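Have a look at the structure below, then the notes.
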Amino acid sequence: MDPDAVKSTLSNLAFGNVMAAAARDYQKEIVAKEKAQAASASHDEVDLDELLDDPELEKLHAERIAALKKEVEKREVLKRQGHGEYREITEGDFLGEVTGSEKVICHFYHREFYRCKIMDKHLKALAPIYLGTKFIKLDAENAPFFVTKLGIKTLPCVILFKKGIAADRLIGFQDLGSKDDFSTRALENILKMKGIIDEKKKDEDDEDDETYMSMNRRVRSSTAQDSDSD
């Protein structure tokens with residue numbers, strides 16, 4: 001037999017033995033991993049069962065459910081009081097509306113005033129977001145008694161009531177840079193600063209960013225159309 005052929009055959013056999021051994025080792029490693037994963041899954045199931053039976057966890061869950069239920073009930077009460085929407089009221093409704101809620105924003109307006117229409121649209125955008133505050137508007141021409149009583153000289157005039165007391169007001173657009181193109185966010189920040197609407201959490205602010213951009217586009221578009229029609 002050719003010596004070179006013998007060497008080649010022996011070399012191939014040796015390589016084959018090495019590969020066979022490697023294959024066996026690899027198979028053993030796979031089996032070991034599968035067993036370890038099965039044991040881990042079994043351990044996880046035991047831990048989950050233990051957690052489900054944990055009295056402290058059950059207590060926290062019950063407290064969370066109770067808190068959510070209470071929040072839902074509170075929201076329903078506020079909605080029945082007229083919160084969550086921007087509504088027009090009459091002079092006869094005024095006292096009951098501003099004394100019936102802890103926080104009330106009332107816009108005294110004139111139907112023909114362009115700036116009143118701008119304020120209307122921003123307040124309408126904010127009303128569904130801040131359920132804890134009531135948002136209403138009153139035609140100043142049809143409410144002469146309260147216009148005089150509250151010393152209203154300039155429209156739009158947004159009066160902020162806290163527990164039935166006129167605590168603050170926005171006269172015209174003085175607090176908004178005296179410009180017509182202010183954003184809903186700008187008005188919102190002023191109302192927050194005056195304490196008539198509650199601060200929202202950071203994650204809620206992030207979620208609302210796109211909403212505000214959309215609202216501002218609609219407000220600008222709508223007020224521009226009103227201006228053209230006027």
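Against the list (1) of a type in the set (D, E); (2) under 20 Å from R75 (Cα atoms); (3) surrounded by 12 or more Cβ atoms within 10 Å (Cβ to Cβ), the condition E141 fails is (2). Anything in the range 37-84 that is at pLDDT 70 or above, over 24 Å from the mean Cα position of the chain (by Cα) and either exposed (fewer than 10 other Cβ atoms within 10 Å of the Cβ) or among the small types (G, A, S) (or both)? List them, or say none. Within the range 37-84, P55, E56, A62 qualify.
Residue count for the range 120-134 under the criterion of being closer than 15 Å to V98 by Cα and of a type in the set (K, R): the result is 1.
Consider the range 111-163 and keep the residues that are among the hydroxyl-bearing types (S, T, Y) and over 33 Å from the mean Cα position of the chain (by Cα). The one that is farthest from S183 (Cα to Cα) is T148.
Any residue in the range 150-158 that is at pLDDT 95 or above, closer than 12 Å to I196 by Cα and in contact with a helix residue (DSSP H, G or I) (Cβ under 9 Å, 6 or more places away or on another chain)?
Yes, the range 150-158 has at least one match.
Scanning the range 189-198 for residues that are part of a loop (DSSP other than H, G, I, E, B) and either of a type outside the set (G, A, S) or within 18 Å of the chain's Cα centre (by Cα) (or both) yields K194, I196, I197, D198. Restricted to the range 103-115, and to residues that are surrounded by fewer than 22 Cβ atoms within 10 Å (Cβ to Cβ) and touching a strand residue (DSSP E or B) at 6+ places or on another chain (Cβ under 7 Å), which residue is nearest to C157 (Cα to Cα)? Among those residues, the one meeting the criterion is R111.
Could we say that V98 is in contact with a helix residue (DSSP H, G or I) (Cβ under 6 Å, 6 or more places away or on another chain), modelled with pLDDT of 95 or more and at negative phi here? Taking the combined requirement at face value, the residue does not satisfy it.
The values are calculated or read from the model by the stated rules, or taken from the named source; none is laboratory data. What you see is a predicted model; the values in this text were computed from it and never measured. So basically every Cβ, Gly included, is an ideal-geometry build from the backbone, and we count neighbours across all protein chains shown.
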